[in-house]
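Trainee: Take this structure, written in structure tokens, and hold onto it; I'll ask about it next.
All of the numbers you see were taken from the coordinates with simple rules; none came from a lab. All values derive from a computational prediction rather than experimental measurement. A quick note on method: Cβ atoms are made from the backbone with ideal geometry, for glycine too, and the neighbour counts reach across all protein chains shown.
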Amino acid sequence: MDDRFLDMFFEEARELLMVLEEGLMEMESRQEDRAFLDKVFRSAHSIKGAAGMVGLSNVAGLTDKIETVLDKIRSKQVPIDSDIISTLLEARDLLSVQVDSAANGEITEAPEALIARLEQFTKPPSQRVQMVENTSSGAGPAKPTAAAGKVSTSVTSFPETMATEPPTTTKKPKRKRRVKSRPTDSSAASLPVEPGSSNQSGGEAPPEILIPAEPAAELPIGYRIRFAPGRDILKRGMNPLGVLDELAELGEAILRVDPSHIPTLDTIDPQLNYLAWEIELRTKEPMDRIKDVFLFVGEDCRFEINPFFANSTSEYDSQSVLNAPQIIEPESGTSLLPGLAIFENLVKSGPIPNDSQSNLAETETRTTSSINASLEQSRSVRAAGSEVTDNTGLLPGGLLPASADALSKVVRSASSRAAWTGASGAVNKNTATPRIRVDAAQLDDLVGLAGELAVLADNLQGIREISGAESYRLALESLERVTRQVRDQSLELRMVPVEELFSRFPRLIRDLADKSGKEIQLRMDGQETRLDRTIVERLAEPMIHLIRNSVDHGLESPEEREAAGKPRQGRIVLWAGHEGDRVALKIEDDGCGLNRQRIVEKGIAKGLVPPNTSADDPRVVSLIFEPGFSTRDTVSELSGRGVGLDVVRDAVRALRGSVSVQSEPGRGTCFTFRLPLTLALIDGLLVEVAHEKYVVPLSQVEECVALGGTRPALSSGRMCVSVRDELVPLVNLRKLFEAKSPNPRRQEILLTRHGGQRVGVSVDKLLGRVQAVIQSLGEGLGHLGRFSGATILGDGAVSLILDLTAIVAESRAAEIRADLARALSKPEVIS
Amino acid sequence: MLENNPVSMSSRPFGSSIATDTHSESERAQSYVIFQLGGEYYALEVLRVQEVLDMGALTHVPGSPNSLRGVLNLRGHVVPVWDLRIPFGLPVDSSIARAPCVLMVESNFGDQVRVTGLLVDRVSDVLEFPNESIQPSPPMGLGKAASYVRGLIRWEESFLLVLDVDRVFISLMNMANPGGGF
């Protein structure tokens, strides 16, 4: 298998799995929305199809089970409840694991218990929650799916959740059908295609299949399908036989191969496909189901599906249809002609549906009909009110929000038809602008280069001052402007909406609520806020950590909440938005709040704060971010696995962000992340310390003041400086960097904020503002927290980027150590 | 600043054009960069060396381990430069006559290939030796260097010590990051 094709599969599968997850999450509330259910179904089906194509039979097998349940749901044979959703979500997670392990070349099989639970749902309600017997007793082991062997005899174990129910033995309701694989023509060229002959099936599939017992209302009894794969289909790693197998699964299929395009032996290219097939499929499946089979065949494949109905059975049995496209025996020299004849024939019987055309038509009808449907809906909703314009697609003003929303979605999907005609509509997110996938690493390189370009262009601006260079002035100005645009645009490319981060949390909270038995309502605001891609990726873990904490330690049980006069349902709010040039993310709960007294006690016990610290001190809550700090002594299943909030703080600091916490007893806790818009570039202040230049992120500097002839005030042994009558502790960078040269007479002080307190950091000189492209310091230096990276200055020299927050923390830790050492040497001071 | 380096090591095969003809030959022989460190001659496979720079201006990193000489700008990339004298237990004495050079060595960190600078006393030559000329190194007599040497090559009445550069990196990282893996 072509690796590139596999990679494409993994990428696509992961996206589809996300679509599936989101779909499952919303399914309960949108079970009346047929288009939505179709979309969910389609995502599962697409995964199955793609997995089958790349030969991942375990993935295809499990997806098949999911798909079956989803199909029952959308045809309303199975009601949606929380149990079914949970099971489907569990199965989806397992799929995700399967896909990931397949990417590493491993095969993960689905546990039988899960399969059994899924299969429970696909039975009529009366027979559910009963012991499932081995299916082989009546009708042969399994159906010949794309992954034979996956279903067979798997249902022997008993799901734990069902263990309390009385086990009764029943058989699965089923009907048998034979797949005929008879050659329709005696000519040597027509090949019978047998189920199981493709490389995807196990090869030992019995010729018997089960079809769901469904009432067939006005469905056609079968389809005539012409399938002409493109020449390159094999090169793209697809096997057309997989499609045929999948069709054969749907019912009784008679296949006929069209060999007319096979060229003479001397011109044949064994890597190309010259065959086309005609299939007569007897099935009660709806048209959509048939079309789904062709989801993956790709753009250069042609297919045509014509339903036929019960009254035309005679025609079906006769061979007229089959032979309609006349098969002309290939003769040397006339190999073009048969093709023409066939296509002429197709033209006669209708338009040649090349892939995009047919999809287009399909989408068109689907959208118009669903516009009509939602107009109907809105009409009934607005029964009391004003007149509705006719249903030609004009939107009446003042629709109720819900239906307006549905409608606007439909309209949007209509406007994005261009995007819909791609291979799988399920992946598209209703965006009209064409998009391309880009290698993230290349994008990072581009951003880095654009930043360097901006620095270079900055340096060139000095030329303007040189006499005689006036004629370049205009060019230099344009250069500056264009470079900035290039830089801004490339930075913009890295930005993604916070939605990508937030979208996983409804699921998380649902699971947590299930496990903890708490009732939780989730609200998410500001999902459109855009952030650097890397930040979004790296924030997931910290946010999950905090959400777990909120559920576990913050929110009370429904009973406790009622007793405290709060609504039973706990509330978690995720919020994103801009705060100045930073992005803020908040995780807020209305739980019991932090226990300041316990925090302060623990802080004193650990020597993190002086023994007489009051619980009201604003710094107390920040203690929870210290390493190894956890007030809860029992380890719960949800959180408290020995990983503290210091991990969260470190992760956010690594992104040049900060995390803070506010909490009110009994009212709740709010964690706030503040993050830079982008990681690649910072606005910085160039400073000098002991003849070396450093860059300080401007976002960390509140103010710069000069420390002139006045001497720094000493407060309890610590260096302090008075700024406008406020005593501010001072960190001396020269001391921290162990500079040997004496302090200059005059120093500058950068004022920054640390744990809610103003702190000054002294430097020798301020040299001006710079824009800096950040690079990592390289391996082995990651533990040097005081530098967040390095950058290359205009003159080519490397300058280190200071992290003032880490520097203040570092010097404070050193002071506390020094204090401790002093206290130990003078024991009488302690008492 | 550092770009005026005279020694170019671009003998690293970028294309595979030479592969067909010299294949059998390259299986039997390897080219090595020969450098001096504390009076000994060492050999390092040319394939691992991206280039050699003259020692230029480095940016000092306050608080870093003493084996880190600083960071430099390698055509727009920040690259750390480590002094090989430290892991080899040699004195770092600036008075010793050195014509220090920085070997830009490629190494794998996790799934990334990084370029790291190694400061040596002097780079003297590039030589080719057949693979069978490498002898096992003696278990003693090399001092601290012993753990970084994976063999000896007899050369002009003396021995070249074949450097195991990956061991060097591991030890540098352990020295830089005591207690913590990465």
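Trainee: Could you please report the charge total around B:S137, scoring K, R as +1 and D, E as -1 over all other residues with beta-carbon less than 15 angstrom from its beta-carbon?
Mentor: Charge balance near B:S137 sits at +2.
Trainee: Here is a further query. Which ³J(HN,Hα) values, rounded to whole Hz and listed in residue order, are derived for segment A:479-490 from phi using the Karplus coefficients 6.51, -1.76 and 1.60 in 6.51 cos²θ - 1.76 cosθ + 1.60 with θ = phi - 60°, glycine and proline given as x?
Mentor: 4, 4, 5, 5, 4, 5, 5, 4, 5, 5, 5, 5
Trainee: What average number of partner chain Cβ atoms lie no more than 10 Å from the Cβ of the residues making up A:690-699? The partial results should precede the final answer.
Mentor: Working: counts 2, 1, 5, 1, 2, 0, 0, 0, 0, 0.
What the average comes to for A:690-699 is 1.
Trainee: Now a separate question. Taking the Cβ of A:R494 as the center, what net charge do the other residues with Cβ under 10 Å away carry, scoring Lys and Arg +1 and Asp and Glu -1?
Mentor: -1
Trainee: Mind ordering A:271-282, A:523-534 by average Cβ neighbours within 10 Å, highest first?
Mentor: A:271-282, A:523-534
Trainee: Any idea what Rg and Dmax come out to for segment A:497-676 if you just take the C-alpha atoms, in Å?
Mentor: Values for segment A:497-676 (Cα only, Rg and Dmax): 16.1, 46 Å.
Trainee: Okay, moving on. In what sequence do B:R69, A:R548 fall when counting other Cβ within 10 Å, fewest first?
Mentor: Arranged by neighbour count, lowest to highest, B:R69, A:R548 become A:R548, B:R69.
Trainee: 5 Å is the cut-off here: which amide hydrogens, built 1.01 Å from N in the peptide plane, fall below it relative to A:G666, excluding neighbours closer than 5 in sequence?
Mentor: Counting only residues 5 or more places away or on other chains, the set is A:G593.
Trainee: Here's a follow-up. Could you work out, residue by residue across B:77-88, how many beta carbons of other chains sit within 10 Å of that residue's beta carbon, and then give the average as an integer?
Mentor: Shielding by partners across B:77-88 averages 3.
Trainee: Let me ask something else about it. Quick one: 3J(HN,Hα) in Hz for segment A:499-516, Karplus 6.51/-1.76/1.60 with θ = phi - 60°, rounded, Gly and Pro as x.
Mentor: Karplus values, whole Hz, x for Gly and Pro: 3, 4, 7, 5, 4, 7, 6, x, 5, 4, 5, 4, 4, 5, 4, 4, 5, 8.
Trainee: Residue by residue through segment B:42-51, what is 3J(HN,Hα) from phi via Karplus (6.51 cos²θ - 1.76 cosθ + 1.60, θ = phi - 60°)? Round to whole Hz and write x for glycine and proline.
Mentor: Along segment B:42-51, the couplings run 10, 10, 10, 3, 4, 5, 8, 9, 7, 6 Hz.
Trainee: Taking amide H positions as placed 1.01 Å from N in the peptide plane, with prolines and chain starts having none, which residues 5 or more places from B:L152, or on another chain, fall under 5 Å of its amide H?
Mentor: B:Q135, B:S137, B:V162
Trainee: Once amide H atoms are placed 1.01 Å from N in the peptide plane, what residues at a sequence separation of 5 or more from B:G38, or on another chain, have their amide H within under 5 Å of its amide H?
Mentor: B:D121
Trainee: So, one more: Pairs A:K72/A:K566; A:K48/A:K76; A:K586/A:K765; A:K693/B:K144; A:K65/A:K586: which exceed 31 Å Cα-Cα?
Mentor: A:K72/A:K566; A:K586/A:K765; A:K693/B:K144; A:K65/A:K586
Trainee: Work out how much length A:Q569 to A:D83 would gain on full extension: take 0.36 nm times their residue separation and subtract the Cα-Cα distance, in nm to one decimal.
Mentor: Fully extending the segment from A:Q569 to A:D83 adds 173.0 nm.
Trainee: Shifting gears a bit: With labels modelled as points extended 7 Å from the Cα through the Cβ direction, what inter-label distance (nm, one decimal) is found for A:H783 paired with A:D650?
Mentor: In this crude spin-label approximation the distance works out to 1.1 nm.
Trainee: Related question: Note down the magnitude of the dipole of segment B:30-176 about its Cα centre, charges +1 on Lys and Arg C-beta and -1 on Asp and Glu C-beta and zero elsewhere, to the nearest 20 debye.
Mentor: Here segment B:30-176 has a charge dipole of around 420 debye.
Trainee: Ok, one more. Roughly speaking, what is the stretch gain from A:K291 to A:Y472, that is 0.36 nm per residue apart minus the C-alpha to C-alpha distance, in nm to one decimal?
Mentor: Going from the current span to full extension adds 58.9 nm.
Trainee: Using only C-alpha positions, report the orientation-averaged shadow area of the convex hull of segment A:440-494, nm², one decimal.
Mentor: Mean projected area for segment A:440-494: 3.5 nm², to one decimal.
Trainee: Now for a separate question. Order of B:76-83, A:100-107 by packing, highest average Cβ count within 10 Å first?
Mentor: B:76-83, A:100-107
Trainee: Still on this structure, please answer the following. Counting only other chains, what is the mean number of Cβ atoms within 10 angstrom of the Cβ of each residue in peptide B:59-72?
Mentor: 6
Trainee: I would also like to ask the following. Checking a compactness column here: for segment B:30-176, what do you get for Rg(Cα) / (2.2 N^0.38 Å), N being the number of residues?
Mentor: 1.01
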